[in-house]
Amino acid sequence: MPGSASTTHRPEGLIERLRSAAADGGEAKLKVLRELKNQIIGNRTKKLSYIKLGAVPSVVSILSSASSSVDCLLIQCAATIGSFACGVDAGVKAVLDAGAFPHLINLLSHSNEKVVDAGARALKMIYQSKAAPKYDFFQHKNIEFLISLLDKNNENVTGLGASIITHSCETNNEQKILADAGVLKKLINLLQGTTSQRESSLESFATIIKQNPEVITKFVGPENSTTFGSLLELTKDRYPRTRLLACICLTLIKNATSSSSSYLQSVGIRTKLILVLLELVDDFGQVGDEALFTLSSFIEHEEDLQKLAFEANTVDKLCHQMQKESLQAKRLEGIFTTLGNLCSNLEPCRSIVLQSPKALIIITDALTHTTIDVRVAACICLKNVSRSVKYLSAGHFMTDAVIMPVIQLLYDASTSVQVAALCTLVELSKSMDSTVRLNAVWALRNLMFLVDSRCKEEIFMDLKLFPLTRLISDSNACVQEQALGLVCNLVNGPVDSIMYLFTEGLLLNTVGRELRRASKPQVLVQAMYVMCNVASGKEFEKEAVMQQLVNEDDNNQSIIVTLLQSDVASLRTAVVWTVVNLTIPTGAGALARVVKLRNAGVVSQLKNMVNDPCLDVKLRVRTALGQSMTFGDFST
Amino acid sequence: MSLFWSVIRQLAEIEAMATSKKVITRDEWEKKLNDVKIRKEDMNKLVMNFLVTEGYVDAAEKFRMESGTEPDIDLATITDRMAVKKAVQSGNVEDAIEKVNDLNPEILDTNPQLFFHLQQQRLIELIRNGKIEEALEFAQEELAPRGEENQSFLEELERTVALLAFEDVKNSPVGDLLDISQRLKTASEVNAAILTSQSHEKDPKLPSLLRMLLWAQNQLDEKAAYPRITDLFTATLEDPTV
C-alpha cells in the first residue's frame, strides 16, 4: 500500500504534473491521468476542486492531441472526462467549454470496443445532466445518427442514444418526429437486451409517449399489442427499477388516453398495477419514491382507481410509513400527495387517516417542513382530509394545532404554498368548530385585502364552492364579522371586483338580510361597508344597494335610518359613507335616489346629525347633505 | 426454474389427495420423482451460473469445455472481478478501487454507498496497520465530506473513527470493524455491484433453489409423511417417519 497516499495526491501537485504531461507528452500522461481519474471517481468534493483548478481543459487537450492508436490513453481520457461530468453540472459545463464533445463523438467509431465504451459512457454522463445542450431532432442527419446509435450492438452506445432522447425530447412535435422515425420500435426491441438497456429504453419510451395521445394511439395501440404486452410483462420483472419504469409507461398510456380508449380498462390489470407499485413503495430509495408519485398519478381523477387503491390497503400502508423516522423530503411529498389524492373523494380513506394515531400530527407538522414541495403536499393532503364533514363536525381539527400552521403558510415565500394553504383554509372554514371557522375566515379576509384584482379573480374562481353565504349567516357573530370583512375586501377596489357579488347571485341579498337581522355592531359595520363598497360602483350597483337599504313599500322605518341612529360611531360612519356614495350627483339615477332617500327620512335624519360628536360622521354628513342639496332642497 | 415448479405441482397433487396426513412410501415417491423430466442442459446451466457468479473462473472454463455449456458472461471479466474481490479481502483497498475504476468508472461514480464503504474499509486498514496520523488525515479529507452529504454515512464514520479511541480495540464495542468478516462484507458488496453493472444477477440461482426446496418440504410436512431430504450435502431420501 502506498504509504503517504494523501500527501502526494494533493490537488495542486497533481495539476502541476498534469499540465506538464499535457505539454510534453510521453509516458507520464497515462500515469497522471489514471491517478486523476481515481481521485475524482465517486468524490464530488474533489471533482469540484479539480474543476476549479482547471484540470478539465488539460485532459481534453491530451485527448485532442492523442493519436487514435494509443487506445489506453483514449480510454483514460474519456473515463476522466466522463467522471467529471458525472453528477456535477459544473463538470458538464467545464467539459463542454473545453470542447470535449466532438472528440468524444469521434471515439464512438473507434475499432476498439473498449474505447467506444469509454466514449459512450462519457457522453451518456453529459446527457444525464440538465446542463447538457439540447439535441436537435429537427435535423434529419441528427435523427439518422441517433438511430445508428440505437442500432449498435453495444449497451453503452444504445444507452447513450436513449439518454439523448430522455434529455432532449420535450415537445409534442419532437415526440412525433421520433415516433415517426421508428424510434419507439427500436426501443421496444432493446427491451430484450441487458438490464441497463431495458431500463434506459423504458425511460426514453416514456419520454416519447408522455402526454401525447396521438403518438400513443398510432404506435402503442391494440394493433401493436406486442408493445403493450411487453410492458405488462415487465411489471413482473425481477428488477424493481424495471418494474417501476414499466408501470410509469402504462400509467402514461392510461392517463393520455383515458375514458375513450380500451387500454387498461380491465379491473384485474388495474389492481395488479396498483399492487406492483405498492410493493415498490417498500423500497426506501429512489425507486420507492418514484413509485409513490406514479401511483398517485395513476389514481388521480378516477374514483374507481382510488377505490381499488383503497381496497389494496394503500391508506393504512402510507399512514404507517409516514411514522418512520427521518424520512427524506421526496418520500414525505410522495406520501402526502398520494394520500391527498385518495382522500379527495373517499370518506373511508379520510376516516383511516383521522383514526391513525399520529397521521394528522405528522401532516400538520409537515406544514412547516423546510422543503416547499413537502409543505404544498402536506397542505393539499390536509385540505382533502378535512373534507370529511363527519370529522369536521366532531371538531377533529383542533384550533391551534391545525389551523395556525396553515395560516402561517399564507405568508410563505412560495406562491404554490400560499394557494394550497388558501384552499385548505376554505375547507376548514366549513368546520363546525366556530373557532376554527373564525380563524380560517379571518386569514382569508386578510389575504383578500393583500392580493391584486387578477389574483382575487383567480382565487374566487378557484373557490366556486366557497360557502360565503353560509358564513355570512353563521351562528357565531365573530365568524359573521370576518366573513363580511372578507366580502368587503373582495369588492374593494376597481369596479370589476364588485361584480363578484353579483356573479355570486344571492350574496348581496344575504348581506342585506344580515343588516336587518344582526344585532352585533361589528357585524353591522362590516355589512355596511360591503354596501358602501358596492355603492361606489356604477348605476346598476348603486340601484342594487338602494333596493337592500330603502324599502318603499314598507311603512316601517327604513333600515338605513335605524342604522343612522345607532349609538356606535363606526356604524354611523359606515352608513353615512354609503349615503355619500349613493348621492354622488353625476350618475343618471342620482336624482331619483336622492328623492327616495329623502322620502325614507334619510335626509332629515342626516340634518339631525350635522353636529355629531364623532368628527368622521360629522364631516361625511355634511358631504352627503351637500350632494343631496345639489338637486335643490325640496323640504322648503 | 422448471424443476421447482414441477415439484410444486407434485405437492399440489398430493395435497389435493390428502385429507388427513398422508403417508407416501419411498417407492411411490421415487416413482413420482422419476416422472419429473429435467433437461440436462438446464442442470448444466445451473452449474455454470453458480461457477460464474461465485467467480470460479478455472472451473467454469473446464466445465465449459466438458459440458459444452456457454457461460452468459465473458469469462475474462470474472478474472477482473475476482482480482477486485481478492484485493479487498486481503486489505488492499486502494488497489481494489483502482481496479474497479478500470473495469467500469460508472460503478463507484453512481453508487455512493459502495464508494463510502470502500473508503471506510481503507480507513479501517490504515488503523489496523497503526498508521494513525495518516488515518486521521484520510478520514478528514476523504470521508468527512461524504458524511456531510449523508447522515447514515456520518454515523458509520463516527463508529469507525472510534477505533482510535480504544487501547484494546479487539474487545471494544467497535471491534467488529477490524474483524475479517468486515472485509468479506465489503468484498461481497463490490462483487455484487460489479455483477449488477454487467447485467448479471448478483446471487447464483442454485442456493435460492435449495431454499425453495426447504420451504416446499416444510409446507409438505404439515400434510404428509414422505421421504424427505434433510442432508443437503448428500441429498439422500430419508424414510418417512409415521
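None of the figures in this text is laboratory data; all of them are computed from the coordinates on show. Predicted model, so just to flag it, every value in this text is computed and none were measured. Glycine also receives a Cβ, built like all others from the backbone with ideal geometry; neighbour counts cover every protein chain displayed.
Quick look at the numbers
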quantity	calculated
Inter-label distance for A:Lys218 and B:Glu137, nm, one decimal - labels placed 7 Å from Cα along Cα-to-Cβ	6.4 nm
Net charge dipole size for segment B:104-197 [Lys, Arg +1 and Asp, Glu -1 on Cβ; Debye, nearest 20]	360 debye
Whole-number percent relative contact order across segment A:259-392, with pairs defined as alpha carbons under 8 Å at least 6 apart	22 percent
Cβ-derived FRET efficiency at R0 60 Å, A:Ser473 paired with A:Glu279, nearest 0.05	0.75
Spin-label model distance (nm) - A:Ser67 vs B:Glu30, 7 Å beyond Cα toward Cβ	7.2 nm
Contour minus Cα-Cα distance for A:Lys324 and A:Ala90 (0.36 nm per residue)	80.7 nm
Chain A: angle of helix A:155-168 to the longest principal axis, Cα-based, in degrees nearest 10	20 degrees
For the protein assembly as shown: span of alpha carbons on each principal axis (Å, largest first)	128, 86, 68
Nearest-0.05 FRET efficiency for A:Thr368 and A:Lys152, computed from C-beta distance (R0 35 Å)	0.10
R0 of 45 Å, Cβ-Cβ distance B:Ser208-A:Ser20: FRET efficiency to nearest 0.05	0.25
Mean residue ellipticity (222 nm) of the protein assembly as shown, computed from DSSP H runs ≥ 4 via -39,500 (n - 2.57), nearest 500	-21000 deg cm²/dmol
Length released on extending from A:Gln139 to A:Asp97, taking residue separation times 0.36 nm less the Cα-Cα span	12.8 nm
Between helix B:151-161 and chain B: long-axis angle, C-alpha atoms, 0 to 90°, nearest 10	70 degrees
Sum of side-chain charges, A:Gln526 neighbourhood, beta-carbon under 15 Å (Lys, Arg +1; Asp, Glu -1)	+3
Which of A:Val568, A:Ala624, A:Val511, positive extreme of dipole for chain A (C-beta unit charges)	A:Val568
Degrees, to the nearest 10: A:113-127 long Cα axis against longest axis of chain A	10 degrees
Surrounding net charge for A:Ile62, when Lys and Arg each add one and Asp and Glu each subtract one, Cβ distance under 11 Å	+2
Label-point separation, A:Lys130 to B:Ser67 (7 Å along Cα→Cβ), nm	5.1 nm
Two-decimal Rg to Rh for segment B:92-223 - Kirkwood Rh, Cα set	1.11
Mean separation of Cα contacts under 8 Å, 6 or more apart, over the residue count of segment B:104-197: relative contact order %	29 percent
